[in-house]
Amino acid sequence: MSKAAEGSVQDTVIYSERLWPSPWVWLLVLGAAAASIVTFAPIDVLVGFAAAAVIAVVLVVLLVLSTPRIVVTPTTLTVGRATIERRYLGAVSAYTGDEATEQRGTALNGLAYLCIRGWISPVVRIEVTDPEDRTPYWLASTRRPEQFAAALAH
């Protein structure tokens, strides 16, 4: 196989997801911007609206830039800023509801790699089998836990 064809096979995305904030988070951004209007109104209403615009833009940019991405390819898994070769992955488990809460809480190992978002309840736990890595597993928030787990089984 040519190197160009080989690279395209390795770069094929099997699964991809952005962990965008929920609608209520965006409403909080609007609320924070609106609060600045009230805060600056005694000085000048126009200053309040200008501050609201600046605060809204800054918060939106921060949320967009901090939104992690999950990407599964035939050879790698990337969750947020971390990437691991799939040959070092073990069992994969999807959790929802109370089980997801337990995985994020009492069942959590302090050495685990976490990519958790408070506005996304379901999680997927991915065991790490690399003997050189002290991380026992990765725990990642996902809105589609079954599809994410199935992509890793692919």
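For Thr96, the conditions (1) modelled with pLDDT under 95; (2) touching a helix residue (DSSP H, G or I) at 6+ places or on another chain (Cβ under 7 Å) all hold with the exception of (1). Only one of the numbered conditions (1) farther than 24 Å from Trp26 by Cα; (2) of a type in the set (S, T, N, Q); (3) part of a loop (DSSP other than H, G, I, E, B) is violated by Gln103, and that is (3).
Comparison of Val124, Val54 shows that the only residue that is on the phi < 0 side of the Ramachandran plot and part of a helix (DSSP H, G or I) is Val54. Across the stretch 57-75, the qualifying residues are those that are in contact with a Leu (Cβ under 8 Å, 6 or more places away or on another chain) and assigned to a loop (DSSP other than H, G, I, E, B), and the one among them that is surrounded by the fewest Cβ atoms within 10 Å (Cβ to Cβ) is Thr67.
Selection of the stretch 76-103 for residues being surrounded by 13 or more Cβ atoms within 10 Å (Cβ to Cβ), over 17 Å from Pro122 (Cβ atoms) and polar (S, T, N, Q) yields Thr76, Thr78.
Scanning the stretch 89-100 for residues that are more than 15 Å from Ala151 (Cβ to Cβ), assigned to a strand (DSSP E or B) and within 18 Å of the chain's Cα centre (by Cα) yields one hit, Tyr95. Just to be sure before I move on: is Leu111 free of Cβ contacts under 8 Å to residues at least 40 places away in the same chain and not in a strand (DSSP E or B) in the structure I sent? Yes, satisfied. Checked against the criterion of being within 20 Å of the chain's Cα centre (by Cα), in contact (Cβ under 8 Å) with a residue 60 or more places away in the chain and within 18 Å of Pro21 (Cα to Cα), the candidates Arg86, Arg143 yield just one match: Arg143.
The values are calculated or read from the model by the stated rules, or taken from the named source; none is laboratory data. Remember, predicted model here, so these are calculated numbers, not experimental data. Cβ coordinates were reconstructed from backbone atoms using ideal geometry, including for glycine residues, and neighbour counts include every protein chain displayed.
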